[in-house]
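S.K.: Before I ask anything, here is the structure I am working with.
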């Protein structure tokens with residue numbers, strides 16, 4: 001993972017510069033394993049985020065506002081009790097490990113001054129957040145561990161906090177050149193140099209180890225046998241001199257607009273990929289983790305929705321396959337009619353009891369003036385006329401089935417399209433209320449029998465995305481079908497302009513004119529937002545737009561389904577950074 005001890009040192013350095021002496025105004029716990037401390041100092045208000053999850057553990061300032069649960073967890077309530085109004089007076093790191101100590105000066109229940117500690121262990125799946133008193137005696141922890149869970153180290157209220165067990169690695173900040181070269185000479189020569197660095201020194205991320213090897217050899221996968229000790233030591237010491245002298249340069253590697261990797265120093269190993277430098281670690285984390293955190297939250301909170309949609313998609317696909325096979329079999333109906341016609345035309349020469357009869361096939365006329373022959377099976381228990389009626393009944397049944405199957409296939413394809421719109425809405429869900437709206441939509445769309453123990457929530461006004469164009473016009477965007485309907489059929493005025501990506505699932509977007517004439521830039525901006533919040537990918541995405549009064553919902557249609565006939569089409573290429581900058585209420 002990229003959040004190693006060096007990155008923690010970089011983050012804590014920024015916290016010391018910007019927030020030492022700041023007072024805690026509020027404490028939030030938007031996620032099960034994430035704490036946000038709202039603090040205020042002479043430089044203004046800041047949000048310090050501490051994530052102790054197994055996927056993306058980190059600490060740093062954040063400008064992203066998240067929705068908080070209506071009922072705060074007990075851990076959050078306890079922190080509010082002890083830390084609200086406290087002053088941040090200590091920010092330190094345990095040796096060179098991924099453990100941060102935040103010390104707060106506050107007052108106890110009797111009004112006496114005291115010290116409290118918030119200890120963040122940011123170690124992947126072993127991450128934790130511990131709250132302790134001035135003597136490091138544990139008050140509570142995000143995850144407590146007892147003897148049954150860990151025989152080496154327990155984290156229980158009342159116990160004195162102990163650091164995680166040492167791994168027997170060298171501290172890269174204190175190791176000497178002689179010790180470094182000794183360890184290097186003792187290592188197997190065929191081993192990768194980057195793997196040796198990770199295994200021998202504490203707090204070194206693989207990406208930093210590769211960068212050290214790249215600085216020393218020009219490659220990232222160089223074996224130890226091709227590494228010169230002096231050059232490797234020089235690259236190693238130059239990297240960790242940055243940490244000792246707090247000369248950090250937070251950097252993010254981008255592949256196009258996709259974040260690839262980050263570190264506390266410039267990463268030269270990625271060659272042609274853009275390496276962007278940030279003055280603030282918090283801004284780097286916001287850019288790198290925003291999409292990843294949202295995807296993790298959706299997977300965790302929406303597992304029931306994903307399971308329901310996946311099962312529904314598989315069920316509809318199976319049903320459509322069977323129906324299409326039956327529809328193909330219905331093409332035999334014209335053959336049944338021909339058999340009935342042939343029997344009827346030849347009744348005069350047929351008698352009961354014949355099992356097979358050979359007729360001239362009037363549809364198979366040949367060049368020599370003769371007809372081909374066709375063999376028709378007869379039911380020996382029926383008369384010739386009854387056999388003709390039997391084939392006419394099969395023909396009528398096939399004809400009726402063909403009509404009904406076509407209707408059922410159309411309904412199945414329509415339901416499948418609706419399922420895909422809900423899948424798309426899940427990718428845009430940002431908060432628990434967005435997921436609650438999707439659950440309610442599915443419940444009201446006929447999936448109630450598949451949603452066990454679901455309670456219908458109280459009605460509330462959907463919270464849609466809002467943007468402001470460069471020319472000052474508001475743009476509204478729905479994140480799911482409930483919000484799409486709310487925008488299109490409740491908020492839209494007749495002269496507002498409605499946008500939607502052509503032929504793919506996506507958001508309903510409304511350009512609110514308020515009686516003004518939009519500029520060309522307003523039209524383009526709204527179309528770009530519609531293209532960005534859709535399933536469409538690539539450049540020059542087609543976006544339909546028209547006046548909102550011409551957008552209609554058919555009777556009985558699924559949520560979010562509309563029809564329109566008179567529209568224009570624009571072709572735009574959305575830019576994620578531009579759209580994010582226009583978003584309001586972030």
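S.K.: Search the range 566-582 for residues that are without any contact (Cβ under 8 Å) to a residue 24 or more places away in the chain and pair each with any residue that is outside any strand (DSSP E or B) when their beta-carbon atoms are under 6 Å apart and the residues are at least 6 apart or on different chains.
M.R.: From residues that are without any contact (Cβ under 8 Å) to a residue 24 or more places away in the chain, the pairs are 566/550.
S.K.: Quick check on my filter: what residues within the range 327-341 are within 51 Å of the chain's Cα centre (by Cα) and crowded, with 16+ Cβ neighbours inside 10 Å?
M.R.: Result: 327, 330, 333.
S.K.: Right, here's the next one. Being out of contact with any helix residue (DSSP H, G or I) (no Cβ under 7 Å at 6 or more places or on another chain) and either assigned to a helix (DSSP H, G or I) or over 28 Å from residue 317 (Cα atoms) (or both) narrows it down to one residue among 336, 420; which is it?
M.R.: 420
S.K.: Given the conditions (1) closer than 26 Å to residue 118 by Cα; (2) assigned by TED's automatic domain parsing to the domain that holds residue 279, which single one is not true for residue 164?
M.R.: (2)
S.K.: If you don't mind, another one. Being at pLDDT below 90 and either surrounded by 15 or more Cβ atoms within 10 Å (Cβ to Cβ) or not in a helix (DSSP H, G or I) (or both) is the requirement here; does residue 320 meet it?
M.R.: no
S.K.: Against the definition (within 26 Å of the chain's Cα centre (by Cα) and without any contact (Cβ under 8 Å) to a residue 24 or more places away in the chain), how does residue 47 come out, yes or no?
M.R.: It is true that residue 47 is within 26 Å of the chain's Cα centre (by Cα) and without any contact (Cβ under 8 Å) to a residue 24 or more places away in the chain.
S.K.: Another question about this same structure. Exactly one condition in (1) under 28 Å from residue 431 (Cα atoms); (2) touching a residue at least 60 places away in the same chain (Cβ under 8 Å); (3) out of contact with any helix residue (DSSP H, G or I) (no Cβ under 6 Å at 6 or more places or on another chain); (4) surrounded by fewer than 21 Cβ atoms within 10 Å (Cβ to Cβ) is not met by residue 15; state its number.
M.R.: Against the list (1) under 28 Å from residue 431 (Cα atoms); (2) touching a residue at least 60 places away in the same chain (Cβ under 8 Å); (3) out of contact with any helix residue (DSSP H, G or I) (no Cβ under 6 Å at 6 or more places or on another chain); (4) surrounded by fewer than 21 Cβ atoms within 10 Å (Cβ to Cβ), residue 15 comes up short only on (4).
S.K.: So which residues in the range 132-164 are touching a residue at least 40 places away in the same chain (Cβ under 8 Å) and within 19 Å of residue 81 (Cβ to Cβ), if there are any at all?
M.R.: 139, 140, 142
S.K.: Same structure again: I'd like the residue in the range 36-47 that is touching a helix residue (DSSP H, G or I) at 6+ places or on another chain (Cβ under 7 Å) and assigned to a strand (DSSP E or B) and, out of all such residues, is surrounded by the most Cβ atoms within 10 Å (Cβ to Cβ).
M.R.: Looking at the filtered set, the residue picked out is 39.
S.K.: Which fully enclosed helices (runs of 4 or more DSSP H) of the range 177-277 have 2 or more residues being under 23 Å from residue 3 (Cα atoms), in the same structural domain as residue 13 (by TED's automatic domain parsing) and without any contact (Cβ under 8 Å) to a residue 60 or more places away in the chain?
M.R.: none
For every residue, the table says whether it meets (1) within 15 Å of residue 418 (Cα to Cα); (2) touching a strand residue (DSSP E or B) at 6+ places or on another chain (Cβ under 7 Å); (3) buried (at least 24 other Cβ atoms within 10 Å of the Cβ).
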{"site": "507", "(1), (2), (3)": "yes, yes, yes"}
{"site": "510", "(1), (2), (3)": "no, yes, yes"}
{"site": "518", "(1), (2), (3)": "no, yes, no"}
{"site": "529", "(1), (2), (3)": "no, yes, yes"}
{"site": "538", "(1), (2), (3)": "no, no, no"}
{"site": "544", "(1), (2), (3)": "no, yes, no"}
{"site": "550", "(1), (2), (3)": "no, no, no"}
{"site": "553", "(1), (2), (3)": "yes, no, no"}
{"site": "564", "(1), (2), (3)": "no, yes, no"}
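S.K.: Does the range 464-490 hold any residues that are buried (at least 18 other Cβ atoms within 10 Å of the Cβ) and either more than 23 Å from the chain's Cα centre (by Cα) or more than 15 Å from residue 529 (Cβ to Cβ) (or both), and which are they?
M.R.: If the condition is that a residue be buried (at least 18 other Cβ atoms within 10 Å of the Cβ) and either more than 23 Å from the chain's Cα centre (by Cα) or more than 15 Å from residue 529 (Cβ to Cβ) (or both), then 469, 473, 475, 480, 481, 482, 485, 486, 487, 488 are the ones that fit.
S.K.: Pull up the range 164-176, narrow it to residues that are part of a loop (DSSP other than H, G, I, E, B) and at pLDDT 90 or above, then point me to the one that is farthest from residue 96 (Cα to Cα).
M.R.: Result: 176.
S.K.: All but one of (1) touching a residue at least 24 places away in the same chain (Cβ under 8 Å); (2) in a helix (DSSP H, G or I); (3) touching a helix residue (DSSP H, G or I) at 6+ places or on another chain (Cβ under 8 Å); (4) under 30 Å from residue 32 (Cα atoms) hold for residue 289, so report the exception by its number.
M.R.: (3)
S.K.: Criterion first (farther than 22 Å from residue 220 by Cβ and either crowded, with 17+ Cβ neighbours inside 10 Å or touching a helix residue (DSSP H, G or I) at 6+ places or on another chain (Cβ under 7 Å) (or both)) does residue 261 satisfy it?
M.R.: Here the answer is no, as residue 261 does not meet what is asked.
S.K.: Which residues, counting only those in the range 48-59, are in a loop (DSSP other than H, G, I, E, B) and in contact with a helix residue (DSSP H, G or I) (Cβ under 7 Å, 6 or more places away or on another chain)?
M.R.: Correct list: 54, 55, 56, 57.
The values are calculated or read from the model by the stated rules, or taken from the named source; none is laboratory data. Remember, predicted model here, so these are calculated numbers, not experimental data. Cβ atoms come from the backbone with ideal geometry, glycine included; neighbour counts cover every protein chain shown.
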